[in-house]
Every structure is written in C-alpha cells, then in structure tokens.
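The values are calculated or read from the model by the stated rules, or taken from the named source; none is laboratory data. As the structure is a computational prediction, the values presented were derived from the model and not from experiment. Heads up, the Cβs are rebuilt from the backbone with ideal geometry, glycines too, and the neighbour counts pull from every protein chain shown.
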Amino acid sequence: MRYIISLLIALVLSGKVYCWGFYAHEKINGYAIYLLPPEMLVLYKPSTAYLKTHATDPDKRRYILKAEGPRHFIDLDKYGRYPFSELPRNWQAAINKFGEDSLIQHGILPWRIQQVLAMLTGAFRDKNKASILKLSADLGHYIGDAHVPLHTSSNHNGQKTNQHGIHGFWESRVPELLADQEWDFFLEKARYISQPAETTWKFILESALAVDSVLLMEAELSKSFAADEKFAFEWRKQALIRQYSSSFSKEYNRLLRGMVERRMRQSVQAVADFWYTAWVNAGQPKLKGMAGEMWTDSSQNELDSLSFYWRSQPVKGKSCD
Ligand SMILES: [Zn+2]
C-alpha cells in the first residue's frame, strides 16, 4: 500500500499543470464560438473541435520553441506597484526604456495578444482558412492566460510565499470541479473593440489587481484545514491522484466570491470580441463556403508532433507547473 501511495505521489509530482489548464482553455474557445455572428459561425461552428483541440497548442509549443515561453505571462511586479505606470504600454516605448531582452525575461503576454490579433486580421484579409483557425485558437489561448491573475506575477506558483501548487489550483482544479456543474457561460454577443491594446491592458491590470486575494485567501483558508483535509486522494480523469480536496477547493471558491468563474466568463467574452474585431477590421470577408474539410494532413502532422514534444520534452523557459 505504501509503495502504491509513493508511486501515486511521484506520478502527481511529475505531472504538469498548464496555463488555465487544458480543460478551461478548451472550454473558453468552445464557448466563445457561440457569441459570434452567423457570418462567422458558418466557419467557426463546424470548426469547434479544431478550436478546442488547438486551444492548448501555444502551451505545447513551449517545449519546442524557446521564444514561446515568455508569451504566456508578464511579471508586472517587476515594474513597481499597481498600476505599474513605469512600464510603457507601447512595445517600442517599452523596448526603448527597458531593452528587449529584459522585457522578454519578464514576459510579453500583452504585446503577444496584439501581434496575434494583427496576424489573424491579415489571415481574414487573405481568406486563409487554415491560418484563420490556427490564429483564432492561439489568440483564444493568450487572451485566456491574460485573465489569470498569477500570469501577471513573478510569484506565479506561490513559490515566494510557500504556496507551491496554487497556480494549477486556481486555474485547473477549481474550474474542473465547478465549471460544468455550477457556472454559466451565457454572455453578450461579440462586440467590436475599437482599442484592442487598451482593452488588453485593462484585463491584464484586472488580473494583477486580483493577485493578492488569490494568494491571501489560500493562505487564510489553509490555517483552518489540516493537511489531510486540504489535500485528498480523489479521482481525476480515471486516475486516483492527490490534489486539493473538493471541500478545500469549494471553500476557496466561496471566499474568492466567484472570481474564477468571473475571470473565465470574461475570457470567453474577450476571445469572441477579439475574433470578431479581427474579422471586422479585415473588412468582414465572406466565410461561407470556407468550412469544408477541417483536417488536412499537415494540420494532423503538426498536432502529432506538438503532442509528441509535449509528452517527451522538458519545458523551455518558465512553466506553469
Ligand atoms: Zn499559456
């Protein structure tokens, strides 16, 4: 029995937790589709499986591409205190002030969103179906990451406050436990965003403002839970693993007053808004007739190789473990 338990613990410790978790990223891209206008739905709806499956490609890419790591976070606390006005919001101005190497070291998530938005707009202009879908999936991922408070802090996994594991707890464990059962994702139709950079900084700063509560509530709650109540062996996807117990997770969610649900809902809305904005800025090209066969040999090959590297390689750069 002791052998089995140590084996299970070893398996859990070697397991990796990803940004928003695979579960939530897939949900976010999937729900965003339903907020799109019919002119876009004709392409996006038949591509639901693609957009969900590929929602986590950017995380997998970190295993093969060094440049990918810094695109998922920004350590805003490296730039003073909220609202971090030391840091220019404009990429070129930020480079002039801090240098590109330093910016990359502390994460470039807000600028990456602008870059992919521009690429998606270009793909719509070119009516390039494969690129539209790939970049939509990617953009959904980065926007999702930007809504996770710990993606804006250098204490990204509670390593500085002895709260190791809190990253995956907030963004994977809590949504997996509650999203399907208790949360709703009825949202507004996709809206046109006239100033995407400002909007991006707005949700990045909202995330930064929430970091203290994310950490504090976990620390407070831990005082009233014994270790064997805080963690428990529970079933997760047909495997028995040691994780934050259901009771601890639910109580944490209650203390946060719906923060995880709210950030996930806002992610869904923002993903739809940004997809829609790219399409409008490209001149609302007709997408009808583009759906066709979604899975080409090359998209299958790309997915296969990403999945291979994801399983077999250590992450390049900072991970969300
Ligand atoms: Zn990520």
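Out of segment 64-89, which residues are touching a residue at least 60 places away in the same chain (Cβ under 8 Å) and assigned to a loop (DSSP other than H, G, I, E, B)?
Once the filter is applied, which keeps residues that are touching a residue at least 60 places away in the same chain (Cβ under 8 Å) and assigned to a loop (DSSP other than H, G, I, E, B), segment 64-89 yields ILE64, LEU65, PHE73, ILE74, ASP75, TYR82, PRO83, PHE84, ARG89.
Going through segment 56-77 one residue at a time, which ones are among the basic types (Lys, Arg) and either more than 9 Å from the ligand (Cβ to nearest atom) or over 19 Å from ASN29 (Cα atoms) (or both)?
LYS60, ARG61, ARG62, LYS66 - these are the residues of segment 56-77 that are among the basic types (Lys, Arg) and either more than 9 Å from the ligand (Cβ to nearest atom) or over 19 Å from ASN29 (Cα atoms) (or both).
Let me confirm something: among GLU171, GLU188, which residue is away from the ligand (no atom under 16 Å from the Cβ), in contact (Cβ under 8 Å) with a residue 60 or more places away in the chain and acidic (Asp, Glu)?
GLU188
Of the residues that make up segment 193-215, is at least one more than 16 Å from the ligand (Cβ to nearest atom), of a type outside the set (A, V, I, L, M) and at pLDDT below 95?
No: zero hits.
Can you tell me which residue among GLY107, GLY30 is within 15 Å of the ligand (Cβ to nearest atom), modelled with pLDDT of 95 or more, among the small types (Gly, Ala, Ser) and farther than 30 Å from PHE231 by Cα?
Every option except GLY107 fails the conditions.
Checking the condition in contact with a Lys or Arg (Cβ under 9 Å, 6 or more places away or on another chain) and among the β-branched types (Val, Ile, Thr), which residue from VAL214, VAL174 passes?
The unique qualifying residue is VAL174.
Since ASN96 meets every condition but one in (1) away from the ligand (no atom under 16 Å from the Cβ); (2) over 28 Å from LEU43 (Cα atoms); (3) touching a Pro at 6+ places or on another chain (Cβ under 6 Å), which condition does it not meet?
(3)
Per-residue answers, yes or no, for (1) under 18 Å from LEU255 (Cα atoms); (2) hydroxyl-bearing (Ser, Thr, Tyr):
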position	(1), (2)
GLY140	no, no
GLY144	no, no
VAL148	yes, no
HIS156	no, no
THR161	no, yes
ILE166	yes, no
GLU176	yes, no
ASP180	no, no
ARG191	no, no
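Does segment 120-132 contain any residue that is within 16 Å of the ligand (Cβ to nearest atom), more than 13 Å from THR200 (Cβ to Cβ), buried (at least 19 other Cβ atoms within 10 Å of the Cβ) and over 14 Å from the mean Cα position of the chain (by Cα)?
Checked against the condition, which is being within 16 Å of the ligand (Cβ to nearest atom), more than 13 Å from THR200 (Cβ to Cβ), buried (at least 19 other Cβ atoms within 10 Å of the Cβ) and over 14 Å from the mean Cα position of the chain (by Cα), segment 120-132 yields no hits at all.
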